[in-house]
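Note sheet for the following structure.
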Amino acid sequence: MALLTSVCVYCGASRGRDPIYATAAEAFGRLLAEAGVRLVYGGGSVGLMGIVARSVLAHGGGVSGIIPQFLKDREIMLDAVPDLTVTVDMHERKRLMFEKADAFVALPGGIGTLEETVEMMTWAQLGRHAKPVLLVNINGFWEPLVQLLGHMDAEGFLHKDFLPDTREPYLTCEGVQEVIPTLERALASVPEAELDQPSPTLL
């Protein structure tokens, strides 16, 4: 049985308009630290990503930040992170984030958050990895995407031929308190050998 030791979090470099997003990000960081689950994230200090990382650190948890050289200034790299890697480009960043994480979690965010999350869904659907991908539907934020994915499935475009019958390319939950239990249940059904796959960005 695979254990949850690290989580890659995709989220916004902005705080969003509703304060509930920042509140949830802070709470999620605390929950990760209390559970002893390492945060793997984009390395920035701004927006929700900065809130999550600072919260993990403030509560004694471990953080791995991975940021490409060209974003060091734009996203204001969080120097307080002890395990901080600066990559040549986005491809190297994605590869390292994939390799360091046991699962992927999407908090609210913009196009970058969506792109990275959907990429992990795509490779899961194609059977290139078995790590859980979880949308945290805070305040219904991901509901339009969930509806679109359901529409794709209903219209016959969401092919899951490479997945076992019991596995979906993505999971959802309504709040950050559900994240760790949801991921632990998902990982419990995945043999460790299936998690030991090469990074999809290299294939």
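Looking at G36, G60, can you tell me which residue is under 21 Å from G175 (Cβ atoms) and over 16 Å from the mean Cα position of the chain (by Cα)? Write out each step before concluding.
Details: G60 fails: under 21 Å from G175 (Cβ atoms).
Going through G36, G60 in turn, the sole match is G36.
Report whether or not T113 is surrounded by fewer than 16 Cβ atoms within 10 Å (Cβ to Cβ), assigned to a helix (DSSP H, G or I) and in contact (Cβ under 8 Å) with a residue 40 or more places away in the chain. Give the derivation first.
Details: surrounded by fewer than 16 Cβ atoms within 10 Å (Cβ to Cβ): no; assigned to a helix (DSSP H, G or I): yes; in contact (Cβ under 8 Å) with a residue 40 or more places away in the chain: yes.
Judged against the criteria, T113 is not a match.
Taking into account only those residues within the range 1-23 that are of a type outside the set (A, V, I, L, M, F, W, C) and assigned to a helix (DSSP H, G or I), which is surrounded by the fewest Cβ atoms within 10 Å (Cβ to Cβ)?
Quick first cut of the range 1-23, residues of a type outside the set (A, V, I, L, M, F, W, C) only: 5-6, 10, 12, 14-19, 21, 23.
From what's left, assigned to a helix (DSSP H, G or I): 19, 21, 23.
On the way: P19: 9, Y21: 23, T23: 13.
By that ranking, first place goes to P19.
Got a sec? Which of L96, L78, L126 is within 24 Å of L57 (Cα to Cα) and either at pLDDT 95 or above or surrounded by fewer than 17 Cβ atoms within 10 Å (Cβ to Cβ) (or both)?
Matching residue, one of L96, L78, L126: L96.
Quick one: which residue in G60, G65, G47 is under 27 Å from T182 (Cβ atoms), crowded, with 19+ Cβ neighbours inside 10 Å, out of contact with any strand residue (DSSP E or B) (no Cβ under 6 Å at 6 or more places or on another chain) and touching a residue at least 24 places away in the same chain (Cβ under 8 Å)? Matching residue, one of G60, G65, G47: G47.
Among the candidates V118, V105, V146, V179, single out the residue that is surrounded by 14 or more Cβ atoms within 10 Å (Cβ to Cβ) and in contact with a Leu (Cβ under 6 Å, 6 or more places away or on another chain).
Details: V118 fails: in contact with a Leu (Cβ under 6 Å, 6 or more places away or on another chain); V146 fails: in contact with a Leu (Cβ under 6 Å, 6 or more places away or on another chain); V179 fails: in contact with a Leu (Cβ under 6 Å, 6 or more places away or on another chain).
Step by step, each of V118, V105, V146, V179 is checked, and only V105 is surrounded by 14 or more Cβ atoms within 10 Å (Cβ to Cβ) and in contact with a Leu (Cβ under 6 Å, 6 or more places away or on another chain).
Evaluate the following for R54: is it in a helix (DSSP H, G or I) and among the basic types (K, R)? Yes; evaluated as a whole, the condition is true for this residue. Comparison of D102, D83, D79 shows that the only residue that is over 18 Å from the mean Cα position of the chain (by Cα) and of a type outside the set (G, A, S) is D79. Looking only at residues that are assigned to a loop (DSSP other than H, G, I, E, B) and free of Cβ contacts under 8 Å to residues at least 24 places away in the same chain in the range 80-89, which one is farthest from T117 (Cα to Cα)? Out of the qualifying residues, it is P82. Identify the single condition in (1) more than 21 Å from E178 (Cα to Cα); (2) outside any helix (DSSP H, G or I) that V105 does not satisfy, given that it satisfies every other one. Among (1) more than 21 Å from E178 (Cα to Cα); (2) outside any helix (DSSP H, G or I), V105 violates only (1). Of the residues that make up the range 24-38, is at least one assigned to a strand (DSSP E or B) and touching a Ser or Thr at 6+ places or on another chain (Cβ under 9 Å)? Yes; the residues of the range 24-38 include at least one that is assigned to a strand (DSSP E or B) and touching a Ser or Thr at 6+ places or on another chain (Cβ under 9 Å).
The values are calculated or read from the model by the stated rules, or taken from the named source; none is laboratory data. None of these values were measured; they are calculated from a predicted model. Ideal geometry is used to build each Cβ from the backbone, glycine not excepted, and the neighbour counts take in all protein chains shown.
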